[in-house]
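Engineer: What follows is a single structure, and I will ask about it in a moment.
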Amino acid sequence: MKTYTNVKDLGNLQEAVKEAIEIKKNRFGYKHIGENKTLLMVFFNSSLRTRLSTQKAGMNLGMNTMVLDINSGAWKLETERGVIMDGDKPEHILEAIPVMASYCDIIGVRAFANLEDKSFDYQETIINQFIKHSGKPVFSMEAATGHPLQAFADLITIEEYKKTARPKVVLTWAPHPKALPQAVPNSFADFMNEADVDFVITHPKGYELAEEFVRGAHVEYDQMKAFESADFIYAKNWSAYQDPNYGKILSTDRSWTVSERQMAVTNNAHFMHCLPVRRNMIVTDEVIESPQSIVIPEAANREISAQVVIKRMLETISPTISNGEGE
Ligand code: CP
C-alpha cells in the first residue's frame, strides 16, 4: 500500500477487517517488520487519539517514530504555489516535504479542511502534495475531506459488536458550537457504503454531504424515524457542504442531541462517536455513560486500524519481509 486516503486503498474490505482482528489478537507479532524504519507523523492540527494510537501502532511494528507539530515549534508553511512569501510563513511546503521525507520511510499527515475554500479542501491540496513530492508512502491521519483511519476503526468496532449479520447503522448529525469539517462523516459514509450494513444518514435539511461519499445512501430528514430499529447510532457534527453555505453552521437545534428519547426507539443500539465529543451538545451524559456506549473500545481500535495500514506500507517498502509470527 503506497497511499491511504480512502476505503478503496484497503482493497477487499472484509479481508482488511479480518487482518485487523488477527492483528488485535497478536499486535506484537510483526515487530520485526518495522526494524530500522522510521514513521514521521506530521500534524497541522491538534490530536489526542490519532497521535497516540498511530505512534503506538508504529511502535508495535518495531518502528522508530517522530512527531512534528507544524504549528507549534516548526516553521509556518506556505502551502500554495505562486504566493509572494512576504508574510508570516518563512518556509514553503514544496521544500519542507522532501526534507521531511529524507528523514523517514512512511509519513502520516493530519491537515484539516480550512472550510473557507471548498475547492482547496476537496482537492485535498495538502495531503496530495505529500503524496506527490515525498516519494514515500503517505497515509491520512485526517485530511480535509476524510478520516479513513477513524472509519476503519469504526467498522472494526461494528464487526466486533454486531448481533445480526446485517445491522442497521445510522449516521446522525448533532449540534456543535463551532463549524467542523465533513471529514469524519464523509469517511464513515465511504466505509458503510462498502460494508454489509443497512446504512441510513439523518441530518437537518441543508447538511447534505458530498455525493461522492453518500453514493445514494438512504437520507432520512426525520431523526426519530431514522433511529427506529437501529443497531448502531453514530453521532457527529459537521458544517454545511453545499454551496453557498460551505463551512457554515446552519443549525444548533438541540432537539438533535442524542438522548434517551431517541435511543428508546432503537434496537437497543450501541452509541458511537469518534471523540472528542461535547457532552450535552452531541450526546447526553446518560447515553454516553450507558452500557450501550462503545466510544472507548472504538477509540482503542484506532491503534489496530493504524497498525494494519502501516504494516501494509512496510510490506510495500520491503516486500521480502516475512509475515506472521515475529522473531
Ligand atoms: N478521533 C480522532 O481523530 O481523535 P483526535 O482528534 O484526538 O486524534
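Engineer: So, counting K/R as plus one and D/E as minus one, what does the shell of residues with Cβ under 13 Å around ALA189 add up to? Intermediate values should be presented prior to the final figure.
Structural biologist: On the way: positive: ARG215, LYS236; negative: ASP154, ASP190, GLU194, GLU208, GLU211, GLU212.
Counting the neighbours of ALA189, the net charge comes to -4.
Engineer: If I stretch the segment between LEU52 and PHE28 completely, what's the gain in nm (0.36 nm per residue apart, minus their alpha carbon distance), one decimal?
Structural biologist: On the way: separation 24, 0.36 × 24 = 8.64 nm, distance 1.66 nm.
Roughly 7.0 nm would be gained on extension.
Engineer: OK, next. Report the one residue of ALA210, GLN292, ASN245 whose Cα lies farthest in the direction of the positive end of the charge dipole of segment 149-299 (charges on C-beta: Lys and Arg +1, Asp and Glu -1; origin at the Cα centre).
Structural biologist: Toward the positive end, the furthest listed residue is ASN245.
Engineer: Could you give the length gained by full extension between ALA165 and ASP243, i.e. 0.36 nm per residue of separation minus their alpha carbon distance, to one decimal place? Please list the in-between numbers first.
Structural biologist: Numbers: separation 78, 0.36 × 78 = 28.08 nm, distance 3.82 nm.
Length difference between fully extended and current span is 24.3 nm.
Engineer: Still on this model: When 1/r is averaged over all different Cα pairs and the result inverted, which Kirkwood radius in Å belongs to segment 149-299?
Structural biologist: 15.1 Å
Engineer: Roughly how large, in nm² to one decimal, is the mean projection of the convex hull of the alpha-carbon atoms in the chain? Write out the running numbers ahead of the final one.
Structural biologist: Working: hull surface 66.2 nm².
Result: 16.5 nm².
Engineer: Using the Cα centre of the chain as origin and beta-carbon charges of +1 (Lys, Arg) and -1 (Asp, Glu), tell me which of TYR161, SER140, THR125 is placed farthest towards the positive end of the dipole.
Structural biologist: Checking the options against the dipole of the chain, the answer is TYR161.
Engineer: Same structure again: Would you kindly state how much longer the chain becomes between ASN193 and SER72 on full extension, computed as 0.36 nm times their sequence separation minus their alpha carbon distance, in nm to one decimal?
Structural biologist: Working: separation 121, 0.36 × 121 = 43.56 nm, distance 3.73 nm.
Extra length from ASN193 to SER72 when fully extended: 39.8 nm.
Engineer: Continuing with this model, one more query. Taking a ≥ b ≥ c as the square roots of the Cα gyration tensor eigenvalues, with a/c under 1.5 meaning rounded and otherwise prolate when a/b beats b/c, else oblate, which class fits segment 115-197? Before the final figure, lay out each step's value.
Structural biologist: Working: a/c = 2.92, a/b = 1.51, b/c = 1.93.
Oblate, because a/c is 1.5 or more while a/b does not exceed b/c.
Engineer: At a Förster radius of 56 Å, what calculated FRET efficiency corresponds to the Cβ-Cβ distance of LEU250 and THR3, to the nearest 0.05? All intermediate terms of the calculation are to be shown ahead of the outcome.
Structural biologist: Working: r = 33 Å, r/R0 = 0.59.
The value I calculate is 0.95.
Engineer: Also, I was wondering about something else. About its Cα centre, how strong a charge dipole does segment 274-325 have in debye, to the nearest 20, once Lys and Arg get +1 and Asp and Glu get -1 at the Cβ? All intermediate terms of the calculation are to be shown ahead of the outcome.
Structural biologist: Working: 5 positive and 7 negative charges, 47 e Å.
The dipole of segment 274-325 has a size of about 220 debye.
Engineer: Go ahead and set up a Gaussian network model of the chain, Cα springs under 10 Å, then flag whichever of PHE232, PHE152, PHE28 fluctuates most.
Structural biologist: PHE28
Engineer: Still on this structure, please answer the following. Determine the dipole magnitude for the chain: charges of +1 sit on the beta-carbon of Lys and Arg, -1 on that of Asp and Glu, nothing else is charged, the reference point is the Cα centre, and the result goes in debye to the nearest 20. Kindly include the intermediate steps, with their values, before the conclusion.
Structural biologist: Numbers: 35 positive and 43 negative charges, 90 e Å.
With only Lys, Arg, Asp and Glu charged at Cβ, the dipole is about 440 debye.
Engineer: Farthest toward the dipole's positive end in segment 38-94, which of THR79, SER47, MET59, given Cβ charges of +1 (Lys, Arg) and -1 (Asp, Glu) about the Cα centre?
Structural biologist: MET59
Engineer: Given the pairs LYS25/LYS311; LYS56/LYS76; LYS18/LYS163; LYS31/LYS56; LYS2/LYS132, which are separated by over 20 angstrom at their Cα positions? Don't jump to the answer; show the numbers that get you there.
Structural biologist: Numbers: LYS25/LYS311 15 Å; LYS56/LYS76 27 Å; LYS18/LYS163 17 Å; LYS31/LYS56 12 Å; LYS2/LYS132 11 Å.
Violating the 20 Å limit, Cα to Cα: LYS56/LYS76.
Engineer: What is the calculated FRET efficiency for ASP86 to ALA179, with r their C-beta to C-beta distance and R₀ = 25 Å, to the nearest 0.05?
Structural biologist: On the way: r = 29 Å, r/R0 = 1.18.
The value I calculate is 0.25.
Engineer: Principal axis lengths of segment 50-135 from Cα atoms, whole Å, largest first?
Structural biologist: Computed over the Cα atoms, the extents are 42, 25, 25 Å.
Engineer: Going by Cα centres, segment 195-233 and segment 251-327 are how many Å apart?
Structural biologist: 18 Å
Engineer: Suppose every K and R has +1 on its Cβ and every D and E has -1 on its Cβ; what is the size of the dipole of segment 149-299 about the Cα centre, in Debye to the nearest 20? Intermediate values should be presented prior to the final figure.
Structural biologist: Details: 14 positive and 21 negative charges, 81 e Å.
So the dipole magnitude of segment 149-299 works out to roughly 400 debye.
Every number here is computed from the coordinates shown, using simple stated rules; none is lab data. Because the structure is predicted, anything quoted here is derived from the model rather than measured. Ideal geometry is used to build each Cβ from the backbone, glycine not excepted, and the neighbour counts take in all protein chains shown.
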